[in-house]
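Report on one structure; see the data block that follows.
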Amino acid sequence: MSQLVKTKCQVNFKDFKRFEAFKGLVEQKNISDDEESDVVNNGLLLILQKGEKPIRITVYVENVVAHYNSTEFQSHFRMTYETFEHLLSIMNPILIRHTSGPPNVSPEKQLLAVIWLLATPDSYRSIGERFDLAKSTLSVCFVRIIKGLCRIAPNLIKWPQENEIEGLKRKFQNLCRLPHAIGAIDGTYIAIKAPKENPESYINRKCFYGMTLQAVCDPCLQFTDCFVGYPSSVSDNRIFRNSHIYEGVQNHPQRFFPHNEYILGDKAYPVLPWLMTPYINRGNLTARQIYYNSAVSKGRQVIERAFSLLKGRFRRLKYIDMNRTDLIPETILAACVLHNICLLHNDDLIDQYINEGRELDNDDQNADNAAMEPHGRHIRDSLVDFLWNHR
């Protein structure tokens with residue numbers, strides 16, 4: 001084959017993407033049948049190598065999801081369709097890009113793909129095939145949505161306003177007979193892939209790598225405060241004393257507890273005027289103290305249920321296989337935002353998700369809350385007397 005024919009074939013291959021157009025051009029050249037066959041076959045090989053697109057489901061959102069009924073949609077995406085529509089309306093301005101280039105992935109598809117990723121343990125590759133997204137594109141969508149949810153987190157994970165506090169106090173008193181309680185606090189481990197830097201600091205007492213999510217929730221299981229990012233080898237008490245809520249209450253107690261309200265914690269936390277914990281049982285508790293401990297335990301069930309609901313709905317949190325350790329806290333916080341959004345709408349599968357996410361968490365920590373403020377100890381003793389006299 002002459003050099004001229006080779007050069008023309010190379011130029012034509014670059015200029016024409018379709019193999020048939022390339023083949024027709026070669027047939028016009030004055031070369032032998034054998035040479036023509038070689039050129040065509042080599043051109044086809046190059047086209048397949050350079051232009052091959054992975055096989056994906058191209059119309060899953062348009063032709064499948066669009067025809068799901070409400071039950072089918074919730075079984076796949078772990079939220080109601082009404083919740084998703086509300087979420088889309090919030091996230092739409094963040095997801096619409098105003099740049100030139102190839103056609104953008106629709107906000108709806110981006111959001112559905114990322115919710116699927118959070119709700120299942122499926123791989124990026126299988127989710128990309130389902131939603132017709134390259135792995136790199138799905139990764140970009142994931143980061144964009146996670147950061148967008150974190151941006152709106154202060155609007156959805158927020159401390160109750162003063163006009164909401166009375167209602168919360170009534171609900172807690174109906175639940176556990178404790179007056180003036182407005183929330184419960186605890187920490188939970190989120191299992192993660194071993195970080196590249198200082199992995200040993202992330203190994204917890206259960207012998208897996210993890211980060212700790214500290215959260216406060218109300219009796220409706222809504223998170224009112226979230227603090228995440230510490231390695232789970234760090235104790236709950238230390239995380240608590242470095243958290244935003246501890247700093248905020250120390251500086252502005254009336255902003256959080258305007259009428260001497262308090263939250264409930266387990267024995268890992270200190271006794272403070274605004275944080276009531278159980279007595280350590282060393283075999284010397286009175287009947288009154290045991291009765292009080294039972295009431296605290298009943299009240300604290302709300303935060304245990306909230307964590308189980310979070311992990312049962314967003315099963316990705318049972319093990320986050322992510323190389324970017326810096327993005328893990330944002331991923332966990334984003335899931336907490338979605339948790340609150342779901343609870344604001346028709347969420348009729350709460351018990352199912354709680355059962356799926358239920359696990360032994362941090363209740364069995366060998367902690368001692370002997371460090372307590374005198375005022376906090378006095379308030380706790382008064383609560384013991386109140387409960388016993390009104391049992």
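Data for the structure
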{"item": "In region 136-158, the residues that are more than 14 Å from Lys109 (Cα to Cα) and among the hydroxyl-bearing types (Ser, Thr, Tyr)", "result": "Ser136"}
{"item": "Of all residues in region 142-170 being of a type in the set (D, E, K, R) and over 27 Å from the mean Cα position of the chain (by Cα), the one that is surrounded by the most Cβ atoms within 10 Å (Cβ to Cβ)", "result": "Lys169"}
{"item": "Wholly enclosed helices (runs of 4 or more DSSP H) of region 113-184 bearing at least 2 residues out of contact with any Leu (no Cβ under 6 Å at 6 or more places or on another chain) and either over 30 Å from Ile57 (Cα atoms) or of a type in the set (Ser, Thr, Tyr) (or both)", "result": "135-151, 153-156, 162-176"}
{"item": "Any hit, region 263-276, residues being out of contact with any strand residue (DSSP E or B) (no Cβ under 9 Å at 6 or more places or on another chain), in the same structural domain as Leu383 (by TED's automatic domain parsing) and modelled with pLDDT under 95", "result": "yes"}
{"item": "Meets criteria (of a type in the set (A, V, I, L, M, F, W, C), modelled with pLDDT under 95 and touching a Lys or Arg at 6+ places or on another chain (Cβ under 8 Å)) for Ala371", "result": "no"}
{"item": "Scan of region 245-263 for residues that are acidic (Asp, Glu) and part of a loop (DSSP other than H, G, I, E, B), ordered by number", "result": "Glu261"}
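The values are calculated or read from the model by the stated rules, or taken from the named source; none is laboratory data. Please read these numbers as outputs of a predicted model, since none were measured by experiment. Cβ sites come from the backbone with ideal geometry, for glycine too, and all protein chains shown count toward neighbours.
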